[in-house]
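Inspection log for the structure reproduced underneath, given as structure tokens.
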There are 2 protein chains.
Amino acid sequence: MNKPEPLNNIRVVLSHTTHPGNIGAAARAMKTMGLRHLYLVNPRHFPDSQATAMAAGADDILANAVVCSSVDEALRDAALTVGMTARLRDISIEVVQPRAAAPEILQYAATQPVALLFGTEMSGLTNEEVAKAQILVNIPANPEYTSLNLAAAVQLMAYELRVGVIDFSPAQVSQMLAPQAQIEGYFRHLEQTLQEIGFFTSQKPARLMQRLRRLYARTRLEEDEVNILRGILSVTTEYNARLRKRYQEEHPDV
Amino acid sequence: MNKPEPLNNIRVVLSHTTHPGNIGAAARAMKTMGLRHLYLVNPRHFPDSQATAMAAGADDILANAVVCSSVDEALRDAALTVGMTARLRDISIEVVQPRAAAPEILQYAATQPVALLFGTEMSGLTNEEVAKAQILVNIPANPEYTSLNLAAAVQLMAYELRVGVIDFSPAQVSQMLAPQAQIEGYFRHLEQTLQEIGFFTSQKPARLMQRLRRLYARTRLEEDEVNILRGILSVTTEYNARLRKRYQEEHPDV
């Protein structure tokens with residue numbers, strides 16, 4: 001068996017990039033560190049001559065870039081999503097530095113697709129995008145000037161992965177995580193079920209769902225586990241339906 | 001005593017930069033990591049609107065940049081010069097990765113000026129520039145595509161220094177290195193002396209001087225040591241002069 005090449009399983013997802021030059025510079029940054037797979041979610045301009053100019057010799061990365069119309073589309077088959085954030089947000093999901101994140105990212109990437117998700121230049125990741133990540137990574141910076149260029153952030157994270165891969169050895173038994181599309185399916189099922197059983201009456205659904213997302217982000221759900229959780233939801237709905245039916249039978253006048 | 005701030009003692013020296021946009025991007029990269037001092041050796045265009053545009057909020061770094069007409073001028077008072085090289089050169093001076101170099105750089109920078117020397121975009125450092133460095137740093141990259149952008153290289157080295165400074169504690173006794181100008185003075189004295197005593201007859205002076213530079217680069221010469229070495233050179237010359245004089249007196253007919 002060959003040594004797995006985790007860098008081949010890592011994609012860079014740039015969401016709603018404004019300046020095409022940054023896309024090209026990011027492609028160049030990726031290639032210098034051995035990353036190949038670029039996904040672009042609704043880029044403002046692409047393809048674009050500025051992107052090509054800034055890519056220098058990394059135009060093959062641009063030529064093979066996958067343009068998506070939503071973040072979900074770009075993450076669909078990713079087992080792990082790493083959100084890159086410049087802000088230390090007021091949330092309970094773990095926020096780590098690139099060096100600390102690299103070993104876990106490489107471990108999953110040895111067997112499964114991993115996405116590094118970068119937000120738009122001006123404002124970074126939206127809260128909705130953050131909620132799709134299992135890990136948040138914050139690059140340490142000068143507290144008086146944290147304005148890291150998008151391609152520079154790609155460069156630093158890619159560099160840590162390249163340095164990390166030198167000492168990398170794959171785990172004997174690797175945990176196979178559920179792809180993002182299944183996770184999203186679970187959250188839709190969960191929200192719908194909580195709605196049905198009347199759980200949301202006293203709680204704000206959006207805020208509660210965000211907390212539940214964080215909880216499951218920490219666990220790194222496997223495919224089997226998603227099936228079990230959805231099974232519980234299905235039974236809950238059925239149980240609830242049975243209860244309601246019996247109640248209606250016993251109280252035909254209500 | 002306050003904790004020393006090594007980042008304040010570190011300067012970025014960009015030699016013969018072709019594209020002003022790279023100067024601006026380098027300034028931004030520096031500022032995000034807390035570096036402030038930029039030296040520009042014969043930049044092709046500076047000041048320049050492209051530099052300002054790429055600097056984003058780091059225009060104070062550009063405004064305070066020191067423009068020099070030679071590398072020696074930029075390094076004059078630097079106790080340690082770190083040459084950034086994309087090539088693993090066929091030379092015996094140590095070449096290390098940024099992470100390995102950071103602790104030593106910070107240690108010296110706690111008390112003395114340190115220079116990070118970056119060559120021109122197309123070809124990097126010249127051999128003459130390399131010869132002025134005591135440490136060479138090579139950023140690990142994809143062997144099939146090592147074309148790291150200049151500002152990206154600045155970003156990565158500055159990042160390693162910022163990460164390194166978190167765990168930094170200054171040495172109890174710090175070695176005070178001779179500034180670059182004294183080192184250059186010593187090499188001029190040495191070359192002249194070797195010429196005088198007829199050492200170069202069978203050796204190529206340039207190649208030999210390069211080897212001697214490497215030898216002394218490894219030792220990290222202190223000011224007192226430079227004085228001792230120059231004292232030896234002076235005595236050697238005098239001794240040589242005395243010998244010649246005596247020989248001429250004994251052989252008036254030669």
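Read the figures in this text as sums done on the coordinates, not as results from a lab. The structure displayed is predicted, hence computed values, not measured ones. Positions of Cβ are backbone-derived with ideal geometry, glycine not excepted, and every protein chain shown enters the neighbour counts.
Can you tell me the orientation of helix B:98-109 relative to chain B, as the angle in degrees between its alpha-carbon axis and the longest Cα principal axis, to the nearest 10?
Approximately 70 degrees, to the nearest ten.
How many percent of DSSP beta bridges within chain A run antiparallel, rounded to 5?
Around 10 percent of the beta bridges assigned by DSSP in chain A are antiparallel ones.
Please report, in debye to the nearest 20, how large the charge dipole of the stretch A:163-216 is about its Cα centre when each Lys and Arg carries +1 at its beta carbon and each Asp and Glu carries -1 there.
Magnitude of the dipole: close to 280 debye.
Using every pair of alpha-carbon atoms in the stretch A:114-164, split the distances into 10 Å bins beginning at 0 and state the percent of pairs per bin, rounded to integers.
20, 56, 24, 0
Using +1 on the beta carbon of Lys and Arg, -1 on that of Asp and Glu, and nothing else charged, what's the dipole of chain B about the Cα centre, debye to 20?
About 280 debye.
Net charge near A:P143: determine it from the other residues with C-beta under 15 Å of the C-beta of A:P143, scoring Lys and Arg +1 and Asp and Glu -1.
Value of the local net charge: +2.
On alpha carbon coordinates alone, what is the Rg over Rh value for chain A, Rh being the Kirkwood radius?
That ratio equals 1.06.
As a test of the definition: which semi-axes, in Å, follow for the protein assembly as shown when you take the square root of five times each eigenvalue of its alpha carbon gyration tensor? Largest first, please.
60, 21, 20
Can you list residues whose amide H is under 5 Å from A:V66's amide H, if they're 5+ apart or on another chain and H is modeled 1.01 Å from N?
Here A:L38, A:Y39, A:L40 satisfy the definition.
How large is ³J(HN,Hα) for each residue in the stretch A:56-64, as worked out from phi by the Karplus curve 6.51 cos²θ - 1.76 cosθ + 1.60 (θ = phi - 60°), to whole Hz, x for Gly and Pro?
Result, rounded to whole Hz: 6, x, 9, 5, 5, 5, 5, 4, 9.
In the protein assembly as shown, what % of DSSP beta bridges are antiparallel (nearest 5)?
Among the beta bridges of the protein assembly as shown, antiparallel pairing accounts for roughly 10 percent.
What angle do you read, to the nearest 10 degrees and between 0 and 90, between the alpha-carbon axis of helix A:20-32 and the longest principal axis of chain A?
Once rounded, the angle reads 80 degrees.
Take chain A, connect every pair of alpha-carbon atoms lying under 10 Å apart with a spring to form a Gaussian network, then pick out the residue of A:M122, A:M209, A:M30 with the largest mean-square fluctuation.
The residue that fluctuates most here is A:M122.
Amide H of B:E222: which non-local residues (sequence gap of 5 or more, or other chain) have their own amide H closer than 5 Å, using H built in the peptide plane?
Those qualifying (amide H under 5 Å, at least 5 residues apart or on another chain) are B:A178.
Using only the alpha-carbon atoms, what does the stretch A:1-106 span along each of its principal axes? Please give whole angstrom values in decreasing order.
The Cα atoms of the stretch A:1-106 stretch 42, 40, 24 Å along their principal axes.
How crowded by other chains is A:150-161, given as the mean number of beta carbons from other chains within 10 Å of each beta carbon?
5
Starting at the first residue of the stretch B:71-83, write each ³J(HN,Hα) from the Karplus equation 6.51 cos²θ - 1.76 cosθ + 1.60 with θ = phi - 60°, in whole Hz, x for Gly and Pro.
In residue order, the calculated couplings are 4, 4, 5, 6, 9, 2, 9, 6, 7, 9, 10, 10, x Hz.
Stick to Cα atoms and the Kirkwood definition of Rh, then tell me Rg/Rh for the stretch B:49-183.
0.96
Among A:P47, A:A102, A:H37, pick out the residue whose Cα is farthest towards the positive end of the charge dipole of the stretch A:25-142, where Lys and Arg carry +1 and Asp and Glu carry -1 on C-beta, about the Cα centre.
A:A102
Whole-Å semi-axes of the stretch A:139-208's equivalent ellipsoid, largest first, each the root of 5 times a Cα gyration tensor eigenvalue?
Values for the stretch A:139-208, descending: 38, 24, 10 Å.
Taking chain A as the reference, fit the longest principal axis to its C-alpha atoms, fit the long axis of helix A:150-166 to the helix C-alpha atoms, and give the angle between the two in degrees, 0 to 90, nearest 10.
90 degrees
Between copies, how far does the label point of A:S169 sit from its twins, in nm, shortest first, when each point is 7 Å from Cα along Cα→Cβ?
Distances between equivalent label points, in nm: 3.1.
If you take the charge dipole of the stretch B:180-250 about its Cα centre, with +1 on Lys and Arg Cβ and -1 on Asp and Glu Cβ, which of B:N240, B:L212, B:A181 is farthest toward its positive end?
The listed residue farthest towards the positive side: B:L212.
I'm checking a number: the convex hull volume of the Cα atoms of the stretch B:53-94, normalised per residue, in Å³. What is it?
Measuring per residue, one finds 149 Å³ for the Cα hull of the stretch B:53-94.
Can you tell me what the convex hull of the Cα atoms of the stretch A:180-250 projects to on average, as an area in nm²?
The directionally averaged projection comes out at 5.1 nm².
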